[in-house]
1. Quick check: is even one residue across region 43-54 surrounded by fewer than 21 Cβ atoms within 10 Å (Cβ to Cβ), touching a helix residue (DSSP H, G or I) at 6+ places or on another chain (Cβ under 6 Å) and farther than 14 Å from residue 121 by Cβ?
2. Just name the residue that is nearest to residue 67 (Cα to Cα) out of those in region 212-234 that are surrounded by 12 or more Cβ atoms within 10 Å (Cβ to Cβ) and at pLDDT 90 or above.
3. Condition first: assigned to a helix (DSSP H, G or I) and free of Cβ contacts under 8 Å to residues at least 24 places away in the same chain. Now tell me which residues in region 109-121 satisfy that.
4. Output yes when any residue across region 173-181 is at pLDDT below 90, closer than 30 Å to residue 106 by Cα and not in a helix (DSSP H, G or I), and no when none is.
5. Are any of the residues in region 73-92 assigned to a loop (DSSP other than H, G, I, E, B) and either within 25 Å of residue 257 (Cα to Cα) or in contact with a strand residue (DSSP E or B) (Cβ under 7 Å, 6 or more places away or on another chain) (or both)?
6. Name the residues in region 37-65 that are without any contact (Cβ under 8 Å) to a residue 60 or more places away in the chain and in a helix (DSSP H, G or I), would you?
7. Taking only pairs six or more apart or across chains, which ones have beta-carbon atoms under 8 Å, a first residue in region 207-227 that is touching a residue at least 24 places away in the same chain (Cβ under 8 Å), and a second residue that is part of a loop (DSSP other than H, G, I, E, B)?
8. Residue check, residue 7 against (1) buried (at least 18 other Cβ atoms within 10 Å of the Cβ); (2) within 17 Å of the chain's Cα centre (by Cα); (3) at pLDDT 90 or above, all met but one. Which one?
């Protein structure tokens, strides 16, 4: 439930910030007639994301049991891990994103191009929705279950916070939130990568490596605690050398790019302590 809540909360909040910045700009510019284009973009982005989720979730049943299913599921898990890492590193390396968003909106409004504004919002919403969908589908492939409640609560909480920020100037330190949620997400992503390697080993596309230890009798992956640590830290009771190596390399590479490549102090979305525009 925690993984589903964090990913939907974070991604929905990012989309809500883009939408809120554009709507605030339209309100300040007295261009409320363009609001309908914003809402059309939101709706289209949500529908497109849902369709992607349905397609990804249905592919394994079409492939049937066997190597094809394992390779597909492992690829989606690895893709989700890469997406999460890229998203967090990219976000840290950005600055003045709010100004860039307003500039895009202003360009379309000045050109009287409502469709362009709708497409801009669609891309923003679909980008976050696509990342969310890939992560949730990967979580389902990993454990065969998904917490709909956690996902719904994450969306609802993000929408509520976005609304409060832009309508009532509620103070929220987004930098702290994105840093904390980013660290949680990278642990989730590492767990997905471990499972992806397991699928690849089972399918035979990477060599099966030596099992390092067996803690199933101490903490079963099927237990409540085991499932929690599996989703949070990528816990595996019987890890192979390749799984552990992939996990450690993934975390180490992320930390390097996060702290050294993406220069410190260049947060993409500043903490808004009042209505941004």
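The values are calculated or read from the model by the stated rules, or taken from the named source; none is laboratory data. Note that the structure is a prediction, hence the values are computed from the model and not measured. Neighbour counts are summed over all protein chains in view; Cβ atoms, including those assigned to glycine, are modelled from backbone coordinates with ideal geometry.
1. Yes - at least one qualifying residue is present in region 43-54.
2. Ranking the qualifying residues of region 212-234, first place goes to 212.
3. Taking region 109-121 as the starting set, the residues that turn out to be assigned to a helix (DSSP H, G or I) are 109-110, 114-121.
Correct list: 110, 116.
4. yes
5. Within region 73-92, none of the residues are assigned to a loop (DSSP other than H, G, I, E, B) and either within 25 Å of residue 257 (Cα to Cα) or in contact with a strand residue (DSSP E or B) (Cβ under 7 Å, 6 or more places away or on another chain) (or both).
6. Taking region 37-65 first, the residues without any contact (Cβ under 8 Å) to a residue 60 or more places away in the chain are 39, 43, 47, 51, 54-55, 58-59, 61-65.
Scanning region 37-65 gives 39, 43, 47, 51, 54, 55, 58, 59, 61, 62, 63.
7. 211/238; 211/239; 212/239; 213/238; 213/239; 214/237; 214/238; 227/221
8. All conditions are met except number (3).
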